[in-house]
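First up is the structure itself, then whatever we jot down about it.
The values are calculated or read from the model by the stated rules, or taken from the named source; none is laboratory data. Keep in mind that this is a model prediction, so the values were computed, not measured. For neighbour counting, all protein chains shown are included, and Cβ atoms are generated from backbone atoms with ideal geometry for every residue, glycine included.
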Amino acid sequence: MTVKKIAVLTSGGDSQGMNAAVRAVVRSGLFHGLEVFAVQRGYAGLINDDIRPMDLRSVGDIIQRGGTILQTARCKEFMTPEGQQIAADNLRKRGIDGLVVIGGDGSYQGANKLNKLGIKTMGLPGTIDNDIPFTDFTIGFDTAVSIVVDAINKLRDTMSSHERSSIVEVMGRHCGEIALYAGLASGAETILVPEVPFDLTEVSQRMVDNFNLGKRHSIILVAEGVCKGEDIATEITKNTGIEPRVTVLGHIQRGGTPTHNDRILASSLGDFAVRKLIEGESGKGCGIIKGELVLTDIDKVVNTKRGFNMELYELAKRLSQ
Ligand SMILES: Nc1ncnc2c1ncn2[C@@H]1O[C@H](COP(=O)(O)OP(=O)(O)O)[C@@H](O)[C@H]1O
Ligand SMILES: O=P(O)(O)OC[C@H]1O[C@](O)(COP(=O)(O)O)[C@@H](O)[C@@H]1O
Ligand SMILES: [Mg+2]
């Protein structure tokens, strides 16, 4: 049986493009004759029954906005079977039989639980971390990388004027994708990610060699999942006497207007999720692989670790000599 009433929520860390995805789900659902509801504050809103009907105008003027108009939450209560049951019951009592969850790997775990409780659930990859498998990119990643690259451009100006080295700590909870892409795009000499072991003595020596080779500055990009940028700086100073300046970009990476890539990805995936729900699919994660929209069992998505692109990593290393 196909769905008649669906809901959409955003969960976990917000990401640029979540609004574009909400807009796509609402407008595509209405276009196909469904009733569409929005849940405020992710899974917390499901438990608190904070659910409202949406119309075409409720998602006007949001495609260009960062953050999420539906707000988001990290909800402990939803981690319990009792919380999940309340959430499913609140949807059911309104006759809502389909749910689109826009969030990261944690939110996918929650979507999987709701699917097992009989709610037809679709996951949309919304996180800056790009840590979800079975999609080349997550919504927000492109914008976050652009922000990091822009910041490094600025740092280069001052660092090269002083012939200094810079350590930039970027987000990525257990995942080095932001560091990898931003590092390659900004010409960082060293990229430190949780997926690849490294030796700080070698990293320190590389910095010294770079200056001896005539470089006027040196950039180390470290994913927060490795350690704090300050810890790397302390170690480098101990090894070499060089005093790198540390910049922690923090939540700046999660704000601002989404790039056109993120808006297009969000629009395509939001519409895809709705069409697949109508076709009777459920318990799937939506993704894009080599330009093609794909569905993968959400059970498989949450039980698979995303692979790391060693080719790009090696390329960044070769080109930053
Ligand atoms: N194993 C799980 N079972 C049920 N719900 C979960 C699980 N893991 C996470 N969630 C829910 O998803 C929310 C968002 O997850 P989180 O990891 O914080 O962000 P993200 O989805 O961006 O990775 C959590 O606060 C929790 O409510
Ligand atoms: O916003 P918070 O709660 O400080 O969380 C920070 C975390 O959220 C992220 O920005 C996004 O991660 P999630 O998608 O898992 O929420 C991580 O890169 C970062 O570690
Ligand atoms: Mg996550």
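Miscellaneous remarks
- Check on Asp49, on the phi > 0 side of the Ramachandran plot, in contact (Cβ under 8 Å) with a residue 40 or more places away in the chain, surrounded by fewer than 24 Cβ atoms within 10 Å (Cβ to Cβ) and assigned to a loop (DSSP other than H, G, I, E, B): yes
- Look at the stretch 65-94: where a residue is under 30 Å from Asn261 (Cα atoms) and of a type in the set (Gly, Ala, Ser) and a partner is crowded, with 16+ Cβ neighbours inside 10 Å and at pLDDT 95 or above, sitting 6+ places away or on another chain with Cβ atoms under 6 Å, you get Gly66/Gln16; Gly66/Gly256; Gly67/Asp14; Ala73/Arg41; Ala73/Gly42; Ala73/Ala44.
- Selected residue [surrounded by 15 or more Cβ atoms within 10 Å (Cβ to Cβ), more than 18 Å from Met171 (Cα to Cα), within 19 Å of the chain's Cα centre (by Cα) and touching a residue at least 40 places away in the same chain (Cβ under 8 Å)] from Thr296, Thr304: Thr296
- Looking only at residues in the stretch 59-79 that are near ligand 1 (Cβ under 9 Å from one of its atoms) and surrounded by 13 or more Cβ atoms within 10 Å (Cβ to Cβ), the one that is nearest to Gly17 (Cα to Cα) is Thr72.
- Residues of the stretch 105-131 satisfying the condition of being part of a helix (DSSP H, G or I) and within 9 Å of ligand 2 (Cβ to nearest atom): Asp105, Gly106, Ser107
- Candidate set from the stretch 80-104 (those that are in a loop (DSSP other than H, G, I, E, B) and within 13 Å of ligand 1 (Cβ to nearest atom)); member that is surrounded by the fewest Cβ atoms within 10 Å (Cβ to Cβ): Thr80
- Residue check, Val149 farther than 24 Å from Val302 by Cα, of a type in the set (A, V, I, L, M, F, W, C), modelled with pLDDT of 95 or more and assigned to a helix (DSSP H, G or I): yes
- Filtering the stretch 130-177 to residues that are free of Cβ contacts under 8 Å to residues at least 24 places away in the same chain and of a type in the set (S, T, N, Q) leaves Thr158, Ser161.
- Here the stretch 28-58 is the region considered, the condition is being aliphatic (A, V, I, L, M) and away from ligand 1 (no atom under 16 Å from the Cβ), and the residue that is nearest to the chain's Cα centre (by Cα) is Ala38.
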